[in-house]
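So the structure is just underneath, and the comments pick up after that.
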Amino acid sequence: MRSLVIRPDPSLRATAPVSAAVTADRLIAAGVAGLGLASAVMLARAAGDWRFAVGFLVGFAAISAIAVLAARGGFGRTEQRAVPRPDPALLRAALDATEEPAAITDRSGRLIAANAAYIDRFGAAAMPPALPGLDLHAETIAAAGRAAWQEGSAAVELGATRISLGVTRAGVGQDHLLWRIGDGRGEGRTDALRLIGGGFGERLGRAGLMAALIDERGRVLVSNRVFAMRATGTPGAAITGRDFAACLAQDDAGALRFLRDEESADPLRMLHIPLDDGELAAGAAAMLLFDEPAGPEVAAEGTLPDDLYGLLGMLPLGLALIDRDGRFLYENDAFRVAAGVGDKDRPIYPGDLVVKEDKAAVADAVRRFAASKSSAGPIGRGPMLSGDIAVRLLARPDEPVSLTVASARGLGEASVILSLKDSAEEGRLQRQVAQATKMQAVGQLAGGVAHDFNNILTAVLGHCDLILMRHTPGDSDYDDIQQIRHNANRAAGLTRQLLAFSRQQTLRPQVLQLPDVVSEVSNLLRRLLGDSMKLVINHGRALGSVRADPGQLEQVIVNLAVNARDAMPDGGTLTIRTYAVGAREVRKLGADVLPVGDYSAISVTDTGSGIPPDVLPKIFEPFFTTKDVGKGTGLGLSTVYGIVKQSGGFIFANSKIGRGTSFVLYLPVSQGEAGEAAVPPPKQAPQELWGTGRILVVEDEDMVRSVAERALTRQGYQVRTASNGEEALEILAQLAADEGGETFDLLISDVMMPAMDGPTMVEHARKRFPDLPILFMSGYAEEQLRKSINLDNVAFLAKPFSVQQLAEAARDALARHARTDAK
């Protein structure tokens, strides 16, 4: 966009009033000076000392200066100069230099000037924010204007319309606003825009072809320079935003010419190409025009120039021409690729491309648009001569595609134009997005179910522990209680799998080496595989350390090995390999989802039956299994996927029917020291769980709250309970009032509670008791909670927990607080 500089004309300044004012000031100053001098002489004669006269003159001069300044309107006032009023015609001529709609308004919102694109789109009287077609965004436009007055400029996007609005404060006195409205569909947004507005459009112009892209309202979005010059008669003229139909005229014989051409000029042939690329609104089209020196007789002869076929072959759009009998005249390469046909099996009719159920719809559409060719009115005044139908191709019957049918005009025997877009890649991306969305939704559901289920299991395990305290081995009920406890622990393992899939389980990451993890689990794998299968383990060199939970990583390897064993019922070989993958090798892989970096990898490869291609994309879905009923839960691979992703890694599966399956895990190399590994703490003698102190338990689940109260009371603590955060704050305030500011020694709270959750309640409590130790209970991952909870001196206890685990967590929290106070 060209910059516009407007300078005021010095000849327009009001010089005469300024000169008169200066003359008057000089006369007044001379009179005042004479009066002061005469008074000083008289004072000196009367006093006999000239020093009195000098002091009088200094004071008189100061008082006179102050009086003159006050009479002129105060100190520091600058000279006001007249500013010339802007010339609307000059401003409009300058604004026409830009192709996008632009306008200038004054401080009162009055429209001063606008360019042709603005007037053509919104009208000569339209003023922001009330722009026709943008009424829904009037408030946003008004807010942008206010921001420009305050900040100097503002830029906004008007919702999903992709229209951009820029407002700039301008003018000599900064008392005008310059508005620029970008259509959001300018050059570079689509392939057609880049072709027509770029170098390809210039090559078309040198070949005598005029090209323009119009939107659904018939406005020109972009054109090559040949079209702009023929339509306006001015080289380099801006034509964006103008009405395409207004540039053309049609005589009684149907010949098409530019409006500014003479009647003796050669007629035009026009090719109308409907566009549907997802970025332009329905009805947008590319218009190609060229001169036809032979006159209308050529159209009557039914011939078509060879260079037009060459042009269709160069375009990236799938295009085909159909004659009056419904047969193919021409198809470009893009159309054949999109339709899935080769050069040898070229179809005769458009219906030959689609499945049997869609043949009638395609034939009817071709016949209808071919008939509309002869009855269509002048360009831009008749109905829209194009439409889309959804069909299924014989080459891809499972993927509906959009076939655009439009009537052809001035193309000889061609009666209908077909446009077909190869949407296979687009469909694949849409399925991937749908799959990712579904997996995310299932993960959120699984996490919520696991959280609620953990509350139930906490109560079951807690009551089992409390009952076992009153029974000894050998009692009649002891074995039954142990069986209940065992089943509850199995259910807890199932919830851990759900949390692993939803990436919400609690991990204990350590810096470790992958060969060490494989070695730890190798003996278990040999027992799982049996004698009929061979286990081969290979370790690479120079593997970087990774940061992961060793227990969870072992579970990943075991799950993959169990699946491999089930895929090899007649025996086979399971190969586990660890190796380093550098950044250069990652680039060679070309995987879009694998960021470039250094990784340590584990591959688990079997020689089993393989996974069918239609099943392979579903293997990580929860509850999906190909095993017989009762032989699998469908959570094995989904658990593997969740653990790997929560550890910051990536997993890929490759399989061939009859040749086996390979799973490859990529874990990023840890930034710590290569030899830095977690050393297990030395075993210590069991510590006493008995304790003293006051504990407040806050839990909205009655059964969990009851178990916690009874368990802590048995350990010697004084326990009070609250069912929600508001009640807990009241208890804290009441105890402080009764005990002179004292509070509880420990606050144990659930994280997720209705009304007021645990972290919010703790924030209010810490304002009065900043040193109050906190123990949070939750069924979600500790890592996720610590990221969302910005509190110090807090501990976490994962649900479900036993009575002993609760007592140990309370003891450790109190001991940690005591050590902090001692420091």
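The values are calculated or read from the model by the stated rules, or taken from the named source; none is laboratory data. Since this is a predicted model, take the numbers as computed values, not measurements. Positions of Cβ are backbone-derived with ideal geometry, glycine not excepted, and every protein chain shown enters the neighbour counts. Ligands, DNA and RNA are excluded from the accessible area calculation, which covers all protein heavy atoms including side chains. Shrake-Rupley method; radii C 1.70, N 1.55, O 1.52, S 1.80 Å.
The packing ranking, built from the mean of other Cβ atoms within 10 Å per residue, places the peptides 390-403, 747-760 in the order 747-760, 390-403, highest first. For the stretch 523-534, the Karplus equation 6.51 cos²θ - 1.76 cosθ + 1.60, evaluated at θ = phi - 60°, returns couplings of 5, 4, 5, 5, 5, 5, 6, x, 7, 7, 10, 10 Hz by residue, with Gly and Pro reported as x.
Order these peptides, 312-322, 609-619, by their mean beta-carbon neighbour count within 10 angstrom, highest first. Mind dumping the intermediate values first?
On the way: 312-322: 20.4, 609-619: 14.3.
Highest mean packing first, the order is 312-322, 609-619.
Mind checking the alpha-carbon convex hull of the stretch 568-619 and giving the volume per residue in Å³? Write down the numbers at each step before the final one.
On the way: hull volume 5.6 nm³, N = 52.
That works out to 108 Å³ per residue.
Computing the accessible area with a 1.4 Å probe over protein heavy atoms, can you report the carbon and sulfur percentage for the stretch 328-367?
So the carbon and sulfur contribution to the accessible surface is 54 percent.
Pairs exceeding 22 Å between alpha-carbon atoms, taken from LYS534/LYS656; LYS618/LYS799; LYS359/LYS618: LYS618/LYS799; LYS359/LYS618. Here ALA245 and MET314 are evaluated by their C-beta separation; at R0 = 30 Å the FRET efficiency comes out at 0.65.
Equivalent ellipsoid of the stretch 510-606: semi-axes from √(5λ) of the C-alpha gyration tensor, largest first, are 26, 16, 11 Å. Residues whose amide H falls under 5 Å from that of THR721, counting only those 5 or more places apart or on a different chain, are VAL697, with hydrogens built in the peptide plane. Given a 1.4 Å probe and the protein chains as shown, VAL596 ends up with an accessible area of around 90 Å². With the alpha-carbon atoms of the stretch 725-817 aligned to their principal axes, the span from lowest to highest coordinate is 37, 28, 21 Å, starting with the largest. 3J(HN,Hα) couplings calculated from phi for the stretch 91-106 with the Karplus curve 6.51 cos²θ - 1.76 cosθ + 1.60 (θ = phi - 60°) are, in sequence order, 5, 5, 4, 6, 5, 5, 6, 9, 7, 8, x, 9, 8, 10, 10, 8 Hz; Gly and Pro show x.
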